[in-house]
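To start, the structure itself, in C-alpha cells.
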Amino acid sequence: MNRITARRVTFNINALKLAQRTLCGGAGVKLSGADSDQEIADKHGFHGNLPMHDVAIVGGGMVGMALACSLAHKPLTNQLNVAIIDSNPALLSGGCIKKEDPPDPRVSTVTPATMALFKEMGAWKYVEQHRHAYFDKMQVWDYTGLGYTRYNARDINKEVLGCVVENKVLHKSLLSCLQNADFQQKIYPCRLSSMAMQPSSSSSPHGSLAKLELSDGNSLYAKLVVGSDGSKSRVKELAGINSTGWKYSQNAIICTVQHTDENRCAWQRFLPNGPIALLPIGDNFSNIVWTMNPDESSDRKSMSEVDFVKEVNSALDNGYGPHPKSQLSGSSAFSWLTADTTLSANECFERVALIGDAAHTVHPLAGQGVNMGFGDAFSLSKVIAEGIAVGSDIGEVTLLRRYESERKPANLTMMAILDGFQKAYSVDFGPLNVLRAAAFQGAHYISPLKRNIISYASGEQRFPLFS
Amino acid sequence: MVSKHLLTRLRTLTRPAIHCRRSSNFCPNPKFLHELQSRRYSDAPQSSPAASAPTPPPASNLNSKSSLNEIELRKFAAIADTWWDAEGPFKPLHVMNPTRLAFIRSTLCRHFGKDPHCARPFEGLKFVDVGCGGGILSEPLARMGATVTGIDAVEKNMKIAQLHADLDPITSSIDYHCTTAEKLVEEQRKFDAVLALEVIEHVADPAEFCKSLSALTSSGGATLISTINRSMRAYATAIIMAEYVLHWLPRGTHQWSSFLTPEELVLILQRASISVQEMAGFVYDPLTGRWSISDDISVNFIAYGTKSSE
Ligand SMILES: Cc1cc2nc3c(=O)[nH]c(=O)nc-3n(C[C@H](O)[C@H](O)[C@H](O)COP(=O)(O)OP(=O)(O)OC[C@H]3O[C@@H](n4cnc5c(N)ncnc54)[C@H](O)[C@@H]3O)c2cc1C
Ligand SMILES: C[S@@+](CC[C@H](N)C(=O)[O-])C[C@H]1O[C@@H](n2cnc3c(N)ncnc32)[C@H](O)[C@@H]1O
C-alpha cells in the first residue's frame with residue numbers, strides 16, 4: 001500500500017506574461033517616497049548618515065545568493081560592498097541540513113552549465129556534501145503511450161544530463177560559499193517596503209542613487225538595486241515594470257516518492273491536462289511535479305490521501321511503457337503552495353535590474369526555472385565585472401542594457417519553447433495526439449534534433465531549439 | 001589589436017625627425033614639415049561644407065603659445081549642459097567610452113606593471129585628463145583608482161563635471177580646474193599619465209600642445225592622445241554622418257582641415273620627446289551600435305606613447 005509523503009504543493013500557472021514598461025526613458029524612474037534633499041556622499045560607506053552600498057540585492061533566495069556568491073568570487077567585483085535584504089531567517093541562522101531529514105519536495109534540476117558555474121565559484125562542493133542525484137538518462141513520453149523519447153547523456157558526450165538537488169540544499173550551499181569568501185556583505189533581515197531614486201540635478205540625470213526603505217523603518221542607499229525577490233517582486237512593482245500578457249490556468253502538485261531500486265533516469269510524461277515529471281533526488285527518492293488544470297487540482301485537494309496516491313500511480317503507470325517502480329513514502333500534512341507564474345523579460349532601468357523569478361517565471365516543465373535565474377545571476381555579475389574593468393558606474397543604464405541584451409533572447413527562447421510544449425500538450429484533440437506521438441517518435445530517431453533538445457535543456461545552447 | 005605594421009611604417013617615416021628633435025629648422029623633410037605647419041590654412045578640400053569657413057589664425061595666440069582656439073571653445077560652451085545626457089550631442093563619446101577605456105586600461109596596466117584583473121589597478125598613480133569636458137573619461141579613471149586632475153578651458157564644463165562627480169564618493173575626489181595644459185606646465189606639475197582624448201583637433205597649435213603634454217608627463221610616464229584622422233573616410237563618417245545625417249553632433253563641431261593623420265601625430269609627438277609605442281583604431285558597428293578596438297586607424301584612433309628620457 002502506498003502512502004502519501006511529504007507535501008503536495010500546488011501552484012497556479014495562470015498567466016503567461018510579458019513585461020512591459022509603464023515608464024519609458026531610461027533616466028530617473030520616479031518611485032514612491034522620493035526624498036528631495038541631496039546629501040553628499042562620503043567615502044566610508046555612508047551617504048549622509050545612511051549606509052551606502054554598491055549593490056543591494058533584494059531577495060536572498062537561490063538566485064539572489066548566486067549573484068552574491070558570484071560577485072564575491074571575481075577579482076574585479078569582490079571589493080564591492082553588498083547588501084542582501086531578505087527576512088528569510090535561513091539567511092542568518094546558518095542552521096545545518098541533516099542528511100537524515102526527509103527530502104524536501106521543492107527541488108531543482110540543475111543543468112551541467114549551472115553545475116560548471118557553481119564549481120567555478122566553489123559552491124558545488126557544498127552541494128556534494130548533501131543529498132543530490134545526478135541523472136544520465138531522461139525519458140519523455142506522450143500520454144497516448146504511443147511515443148516516447150529517451151535521452152542519454154552519452155549521446156552528447158556527457159557524463160550526466162543534470163543533477164537534482166533540493167532547493168534548500170542549493171540555498172544553503174550558496175550561503176556557505178558566501179560566508180567562506182572574503183567579501184563585504186551585510187544582511188538586512190527585513191523586507192523592502194519602498195524604493196526611490198535620489199533626485200538628480202538637471203545637468204546630471206545619471207548620477208542619482210537608489211534609496212531603499214525597509215520594513216523595520218531603516219533606509220539605505222545603493223548604486224545598483226537587484227530585484228531577486230521572486231515572482232511577486234516588490235522591486236519590479238516599485239520600478240513600475242508591469243506584466244501583461246495572455247493567460248492560461250494550470251496548477252501543479254509536487255510530492256516525493258520512494259523507489260524500491262535506485263533510479264538515475266528523469267521521467268516526463270504528457271497527460272491530457274499537463275505533464276507529470278519524475279526527478280530522482282537521491283537515496284531512492286524521487287520528486288514528482290504534476291501539472292493539471294485548476295478543476296482537477298481542486299478535486300485532488302479535497303481527496304483523501306489514499307485516493308490521491310492511486311491517482312498519482314495511475315498517472316505514472318497506466319500501463320504505458322517502462323517506468324520506475326515507485327512507492328510513495330513518508331507522511332506529512334498536505335500543503336498547497338499557490339504561486340502565480342508570470343513570464344516577463346529581463347528589463348533594465350537606471351539602477352535597477354531584475355533576475356530570477358522576478359524577471360520571469362516559467363512552467364516547471366524541463367526544470368529550467370531556476371537555471372534561467374542562475375543564468376541571469378551569472379550574466380549580471382559578468383556585466384558588472386566588465387563595467388568595473390572600464391570604470392563604469394555600475395548602476396548606469398547603458399551598462400545594465402548589456403545584461404538585458406544578453407539575457408532577453410536566451411530567456412524568451414526558453415519561454416517560447418516551454419510555452420509551446422505547454423500549449424501542445426494541454427489540449428486534447430483526439431487524432432492530433434497520434435500526430436504528436438508520431439512527432440515524438442520522430443525525435444527519437446532524428447539524432448541531431450535530439451541532441452539539440454538535450455543541449456538546450458542542459459543549458460549549453462543559446463540558439464533556438466530547431467535552428 | 002594594434003597595428004604593428006603601421007607602427008613600423010610610422011617609425012621609418014619619422015626616424016629622420018628623431019635626429020632633429022630639438023632643431024626643427026634642420027629637419028631633413030622640410031616639405032612634410034611645411035605641410036604640417038601650414039595645412040590648417042591651406043589643406044581644406046574645396047567641397048567640404050564643414051570647412052567652408054576656415055578658422056582664421058587667432059592672432060593673440062601666435063606669440064603667447066596658447067592652445068586656446070576661441071571659436072572651438074565657444075562651440076563647447078554652448079552645449080556644456082548636455083555632457084551627461086547619454087543621448088545628447090556627446091553620445092558618441094558615451095558610446096565609445098568602454099572601448100577606449102579598455103584600451104587605456106590594458107596599455108597602462110602593462111606600462112605601469114599593474115594587475116589588470118584587479119578593480120583599482122591605478123591606485124597611487126597621478127593622471128591628468130586634459131580637455132576633460134564634463135568628465136566622461138575622468139570619472140572611470142578615478143573609479144579605476146587613479147588620482148585624477150581634470151582640466152578644461154571652458155569654465156562651464158568644470159562646473160558640470162564637479163556637480164556630476166560629487167554624486168559618487170569615489171569620483172568626488174577628482175580635482176577639476178579651469179585651466180590649460182600650458183598653464184600647468186608653468187606651474188611645473190608632473191603626472192604619471194597624461195591623457196588628451198578628442199581634444200587635439202580643437203586646439204590652436206597641435207605641435208605646441210603636444211610639447212605641453214610632454215612637459216606634464218613625468219619621466220617614464222605615459223601619454224595618450226586620441227583624435228580623428230584627416231582621411232576621406234573620416235570626413236564621410238565623422239562629419240557627414242555624425243553631424244549631418246545622424247545629427248549626433250551639432251553642425252560645425254569638427255573642422256576637417258584641423259584633423260591630424262596618424263603619421264603627423266607621431267611626428268609631432270616624436271619632436272616633443274614622446275615616442276609612440278602603440279596605436280589603435282576604434283571602429284563603429286552600426287548593427288550592434290558598439291565600438292570596437294581594431295587596427296583600422298582610418299577614422300578614430302588613439303596613440304600611446306612614452307616619454308623618452310632626456
Ligand atoms: C512549486 C515549484 C516547483 C518548482 N520546481 C522547479 C524545478 O523542478 N526546477 C527548476 O529549475 N525550477 C523550479 N521551480 C522554479 C524555481 O523554484 C524558481 O525559479 C526559483 O526558486 C527562483 O528563485 P528566486 O531566487 O528568483 O526566487 P525565490 O526563490 O522566490 O526567492 C525570493 C526571495 O525574495 C525574498 N523576498 C520576497 N519579497 C521580498 C521583499 N519585499 N523584500 C525582501 N525580500 C523579499 C523571499 O523571502 C525569498 O527569499 C519551481 C517553482 C515552484 C514554485
Ligand atoms: C570633444 S571634447 C573631449 C572631452 C573629453 N576629453 C572626452 O574625450 O570625453 C573636447 C574638450 O576639449 C576642451 N578644449 C578645447 N581646447 C582646449 C584647450 N586648448 N585646453 C583645454 N581644453 C580644451 C573643450 O572645452 C572640450 O571640453
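Just so it is clear, none of the values below were taken in a lab; they were calculated from the coordinates. The shown structure was predicted, so the numbers you read here are calculated from the model rather than taken from an experiment. Methodologically, a virtual Cβ is constructed for each residue, glycine included, from the backbone with ideal geometry; neighbour enumeration extends over all protein chains shown.
Quick notes
- Cross-link pairs A:Lys158/A:Lys236; A:Lys223/B:Lys183; A:Lys223/A:Lys382; A:Lys223/B:Lys75; A:Lys382/B:Lys114 - those with Cα-Cα distance over 28 Å: A:Lys158/A:Lys236; A:Lys223/B:Lys183; A:Lys223/B:Lys75
- Extended-chain gain in nm, criterion 0.36 nm per residue less alpha-carbon gap, A:Ser304 and A:Ile97: 71.4 nm
- Members of A:Lys74/A:Lys186; A:Lys98/A:Lys172; A:Lys98/A:Lys137 lying beyond 23 Å, as alpha-carbon distances in this model show: A:Lys98/A:Lys137
- J(HN,Hα) series, the range A:220-233, from Karplus relation 6.51 cos²θ - 1.76 cosθ + 1.60, nearest Hz, glycine and proline x: 8, 10, 8, 7, 9, 10, 10, x, 10, 9, x, 5, 9, 3
- Distance (nanometres) between label positions extended 7 Å along Cα→Cβ at B:Asp81 and A:Arg191: 4.4 nm
- The simple Förster model, with R0 at 45 Å and r as the Cβ-Cβ distance, assigns B:Glu186 and B:Asp115 a FRET efficiency of 0.80.
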